[in-house]
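Each remark here refers to the structure printed beneath this line.
Just so you know, all these numbers are worked out from the coordinates, no wet-lab data involved. The structure presented is a predicted model; accordingly, all values stated were derived computationally and were not measured. As a convention, Cβ positions derive from the backbone with ideal geometry for all residues, glycine included, and neighbour counts pool all protein chains shown.
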Amino acid sequence: MMNKLKYVIFYYTHNMKLKHKLLISHLILVFAPIVIITAMFYNQLFNTIVANTKASELSVARETIANIDNNIKDIKNVSNSIVEDSIFQQLLSNDSSLNAKSSKYKDLISFTKNVNSMIDGNAISDIKIYLNENYQDYLDNSTLSKSGLYKPITDIDNSYWHGIFASSNSKSLFCPTLYLTANEVARNGQLSYTHKIVDSEKNEIAYVSVYFNKAHINSLLKKYTTLPGSAKYIINERDALVAYTNRNLVGEFLVDYDDIPPLVPDTNKFEVKTFSSERCYISYLEIPETNWIMIFVIPVDSIWSENKMLLLEFIIAYLLVLAFVLFLSLSLSNSIVKRISNVITTMKTVKTGKPTSLSHPPEQDEIGDLIETYNFMVDEINVLSDQQIKAASELRTAEFKALQAQINPHFLYNTLDMINWLAKKGSTDEVSEAVQTLSKFYKMTLRKGNLTVTIEEELEHVSLYMQLQSMRYDNKIHFTVDVPDNMLEYTIPKITFQPIVENAILHGILGKESKEGNIVITGWLEEDTLVFLISDDGIGIPAHTLEQLLTGNVESKKGSGIAISNIHNRLQLFYDTKFGLTYKSKEGDYTEVEIRIPATK
């Protein structure tokens, strides 16, 4: 400890910059007591406000849940009273005929009026009973049809909630807006509680849907949300949004249903979560008798909104004192070290780029001599730097051209041998096709000009190569290209794909007993990087060979791997060492070569 203290004292008295030394001295003498008091006050104030806010918000959240629960219970009671009504049960009996003079019919009319009277336009916006085709008499009856209560199931066949009932054993379901059809949302309500009724054979015969307004639930959430910037929202187990206080804030603070329990293990507490760099307190409560949860999020910054004035007054006083101290300290230090600081600041630009000269006013003191000497040094360094950059660029271009010029002549010999064999067979059409393809291939290969070609041209080049190889090996090698059109205009060094494909044939597919296989080139964009994947289902590459492949030192009877290492080296020469090839292989199964280059046109 003493050694560290001695080091700090020595650094302060000998190594620290003069400007900082003067500034720190004033701050220590004037500001240390203020900083200590401020830290204590701020910490205590913040903790008190946060604790009170959390307790208050949890209490308010439970009150909100209680109100929503009461509303939900009312809705369920309405639904249950309909489903359990003896007249409704009679309606669903096997006798679906209607007699306008019968007591049953009169009871049904009374039941219908009673159900419609439950619609208050606020908590309950509408009620519908959906019947299957066995109850067409009820649907066709003018009096019942005019009531608007009864609808055919076909009206909601395409709804999301009907699909959920069809694919599960659910007997009832709370439906958010997402589950409803457009007609339901427009005519009935944005939310619903639906009860499914089946016969003894589990076949659907009816649905009772009690619709209610999302605005009513939203208003309950908003009523108990007071902190600015905070949000409450309700989601179900399928992450469907049920209700919210503010749609924009919900989009910012949205959390998936399954992620909430691990994030908030104790619903009596808040946990901290960061949303887009904004730290927030988050908690949730389950809504009884539903599959819904209410999530409430409070930005940390918003907690101070109720205490702005106190905090603002404190900060203003703090800043005024700080400004006065800094003014005194900086005035003193600038009078001594201003010009030296300018020299040091300018000299630091050497770390990020070329050094720049300083303006040199007519000053004859030691600092003036320092600036003049520094400017002379900068001029000399810039001249030498330009010469070095030019020489390095010429050397890099020369090395790249040398690597690019290494083309395997065996492919030409083998192709000419194939053409000769086809000619002896009398396959004149195939000879003509092979000669034309070979001509186009070497025309593209030996074309002078730019060191790069477009992706489209490079793919055409390797496709010509594969046409010749396919002819040579009796069309047993299948070649597929899957590269998006939006990548075709980007550029790539010439003859990048062909050596890799050749390696896949010679050392991968031809190593199989069947001599048959597939080669696939796929491509995609990752931000500003082009990525290509060349894969084959050949015999793969042993692990020890895979490690040496990009070095050109492969010990193999079939080759040294120099062509592959050449591609890797010239990509790194042309671009940067972070680009090039990456091999992945499983012996006896497959080989994948990933090529990464910058996206340039």
Open item on the list: For the range 406-598, place one equal point scatterer on every Cα, skip the solvent, and apply the Debye formula. What is log10 of I(q)/I(0) at q = 0.09, 0.15, 0.16, 0.19 Å⁻¹?
Closed with: -0.33, -0.94, -1.08, -1.48
Task: Gyration tensor (alpha-carbon) shape descriptor, the range 33-88, a/c threshold 1.5 - done: prolate
TODO: Work out how much length Y12 to D589 would gain on full extension: take 0.36 nm times their residue separation and subtract the Cα-Cα distance, in nm to one decimal.
DONE: 201.1 nm
Task: Ordering of 283-289, 576-582, 425-431 by burial proxy (mean other Cβ atoms within 10 Å per residue, highest first) - done: 283-289, 576-582, 425-431
- [ ] Grab the beta carbon distance between E460 and D107, set R0 = 51 Å, and tell me the FRET efficiency rounded to 0.05.
- [x] 0.05
Open item on the list: Just to verify a number: FRET efficiency for V520 and K601, C-beta to C-beta distance, R0 = 35 Å, to 0.05?
Closed with: 0.90
Open item on the list: Using Cβ counts within 10 Å as a stand-in for footprinting exposure, how do W421, W304 rank, fewest first?
Closed with: W421, W304
Open item on the list: What's the ranking of 219-228, 200-209 by average number of surrounding C-beta atoms within 10 Å, highest first?
Closed with: 219-228, 200-209
Open item on the list: Under a crude label model (7 Å from the Cα following the beta-carbon direction), how far is L320 from L45 in nanometres?
Closed with: 1.5
Task: Residue order, fewest to most beta carbons within 10 Å, for E313, E433, E587 - done: E313, E587, E433
Task: Ranked packing of 532-540, 145-153, most packed first, by mean Cβ within 10 Å - done: 532-540, 145-153
- [ ] Quick one: which residues, 5+ away or cross-chain, put their amide H under 5 Å from the amide H of I205? H built at 1.01 Å from N.
- [x] I197, V198, D199
Open item on the list: Could you derive backbone 3J(HN,Hα) for the range 316-325 from the dihedral phi with the Karplus parameters 6.51, -1.76 and 1.60 (θ = phi - 60°), listing whole Hz in sequence and x where the residue is Gly or Pro?
Closed with: 4, 4, 4, 5, 5, 5, 4, 4, 5, 5
- [ ] If a/c stays under 1.5 just call it rounded; otherwise compare a/b with b/c (prolate if a/b is bigger, oblate if not). Do that for the range 440-487, with a ≥ b ≥ c from the square roots of the Cα gyration tensor eigenvalues.
- [x] oblate
Task: Antiparallel %, DSSP beta bridges [both residues in the range 73-210], to 5 - done: 85
Open item on the list: For a quick check: sort L91, L312 by the number of other beta carbons within 10 angstrom, fewest at the front.
Closed with: L312, L91
Open item on the list: Can you give me the long-range amide H partners of V453? Hydrogens built in the peptide plane at 1.01 Å from N, cutoff under 5 Å, separation of 5 or more residues or another chain.
Closed with: I492, K494
TODO: Would you mind checking K223/K273; K515/K578; K273/K584 for any pair whose Cα atoms are more than 27 angstrom apart?
DONE: K515/K578; K273/K584
TODO: Match the structure shown to one of the listed values (i) -0.58, -0.70, -0.78, -0.93; (ii) -0.76, -0.90, -0.97, -0.98; (iii) -0.34, -0.47, -0.62, -0.98 of log10 I(q)/I(0) by the Debye sum over Cα atoms at q = 0.06, 0.07, 0.08, 0.10 Å⁻¹, computed from it, and give that label.
DONE: (ii)
TODO: Report the FRET efficiency, 1/(1 + (r/R0)^6), for R62 and D155, where r is their Cβ-Cβ distance and R0 is 45 Å, rounded to 0.05.
DONE: 0.70
